[in-house]
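> Before I ask anything, let me first share the structure, which is written out below as structure tokens.
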Amino acid sequence: MQVNEQPETADAHQEYASLTLAIDDFVAEVTRHHRAHIRCRRGCFLCCVPPRSLFRIEGERIRDAVLRLPGDVRARIRARVENPTRMLCPLLEEGVCLVYRDRPILCRTQGMPLAVERDDKAYDVDYCRLNFQGVPRDFEFGRRHILNLDGTNFILASLNLKLVEAAGLDPEEDGRVCFKKAATGRLVGVPTPVSQEEASEVSG
């Protein structure tokens, strides 16, 4: 546990880590089952357009991942952030995400079959058009191969609220944070927990 970190904030980060593992397991299962129709792979970054803001629980993880990078790499990130013509995520370098292990849920689920609720309470299944090419538009995915996006976002929002309240912050004012501040390591807040594996990498 990091200095100044409250047990409740550590719990929120631990639960968030468990959520990302569940998401990664889902993606791995979909990829195995639909291998012939999945184009998502290292070097594919057409969907890597950063949001203006994100939940604090994810922003703090990105910030800390960036701060563990070498100084010259962080300088290149800052230069990309300050480039007004750049549309792609500044954390991309030569087509590879520099904080891949700590990327947000949004990035982890890109391209996968996502159930999105319509106004009439029914659901549409959406996915990247580079994936599932040649598959009929009305193709029915198995239930375990569809991620309920609204349900996932509800869990994420709940964990974020738990973190913000445990840290004594205002959910309205501090619940969401600027992506650019997180990407440049300038987001103010309590450091997130570092695993033994990550600590070994930093010290090594």
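The values are calculated or read from the model by the stated rules, or taken from the named source; none is laboratory data. No experiment lies behind these values; they were computed from the predicted model shown. Note: ideal-geometry Cβ built from the backbone for every residue, glycine included; neighbour counts use all protein chains shown.
> Since V49 meets every condition but one in (1) aliphatic (A, V, I, L, M); (2) surrounded by 17 or more Cβ atoms within 10 Å (Cβ to Cβ); (3) under 16 Å from the mean Cα position of the chain (by Cα); (4) under 27 Å from E172 (Cα atoms), which condition does it not meet?
All conditions are met except number (2).
> Pairs please, first residue from the stretch 9-22 and within 16 Å of F154 (Cα to Cα) and free of Cβ contacts under 8 Å to residues at least 24 places away in the same chain, second anywhere and surrounded by fewer than 15 Cβ atoms within 10 Å (Cβ to Cβ) and small (G, A, S), Cβ atoms under 9 Å, 6+ apart in sequence or on different chains.
A17/S195
> Looking at the stretch 48-62, is at least one residue out of contact with any helix residue (DSSP H, G or I) (no Cβ under 9 Å at 6 or more places or on another chain) and either in a loop (DSSP other than H, G, I, E, B) or over 16 Å from I105 (Cα atoms) (or both)?
For the stretch 48-62, residues out of contact with any helix residue (DSSP H, G or I) (no Cβ under 9 Å at 6 or more places or on another chain) and either in a loop (DSSP other than H, G, I, E, B) or over 16 Å from I105 (Cα atoms) (or both): present.
> So, one more: I need a count of the residues in the stretch 125-154 that are in contact (Cβ under 8 Å) with a residue 60 or more places away in the chain and among the acidic types (D, E).
Qualifying residue count, the stretch 125-154: 0.
> Next question. Between N153, N160, N131, which is out of contact with any helix residue (DSSP H, G or I) (no Cβ under 7 Å at 6 or more places or on another chain), modelled with pLDDT of 85 or more and either surrounded by 13 or more Cβ atoms within 10 Å (Cβ to Cβ) or not polar (S, T, N, Q) (or both)?
Exactly one of N153, N160, N131 is out of contact with any helix residue (DSSP H, G or I) (no Cβ under 7 Å at 6 or more places or on another chain), modelled with pLDDT of 85 or more and either surrounded by 13 or more Cβ atoms within 10 Å (Cβ to Cβ) or not polar (S, T, N, Q) (or both), namely N153.
> Oh, and also: Could you check how many residues of the stretch 88-124 are outside any strand (DSSP E or B) and either without any contact (Cβ under 8 Å) to a residue 24 or more places away in the chain or closer than 19 Å to A22 by Cβ (or both)?
20
> Here are the criteria: (1) exposed (fewer than 11 other Cβ atoms within 10 Å of the Cβ); (2) more than 19 Å from R32 (Cα to Cα); (3) of a type in the set (K, R). Tell me which single one R143 does not satisfy.
All conditions pass for R143, except number (2).
> Quickly run through the stretch 15-52 and pick out the residues that are modelled with pLDDT of 95 or more and over 30 Å from E140 (Cβ atoms).
E15, Y16, A17
> Within the stretch 133-183, work out how many residues are assigned to a loop (DSSP other than H, G, I, E, B) and closer than 26 Å to E8 by Cα.
5
> Determine, yes or no, whether V188 is more than 18 Å from the chain's Cα centre (by Cα) and either under 30 Å from H37 (Cα atoms) or at pLDDT 95 or above (or both).
no
> Determine whether the stretch 35-50 contains at least one residue that is within 22 Å of Q133 (Cα to Cα), free of Cβ contacts under 8 Å to residues at least 12 places away in the same chain and among the β-branched types (V, I, T).
no
> Report yes if T20 is of a type in the set (S, T, N, Q) and exposed (fewer than 11 other Cβ atoms within 10 Å of the Cβ), otherwise no.
Taking the combined requirement at face value, the residue does not satisfy it.
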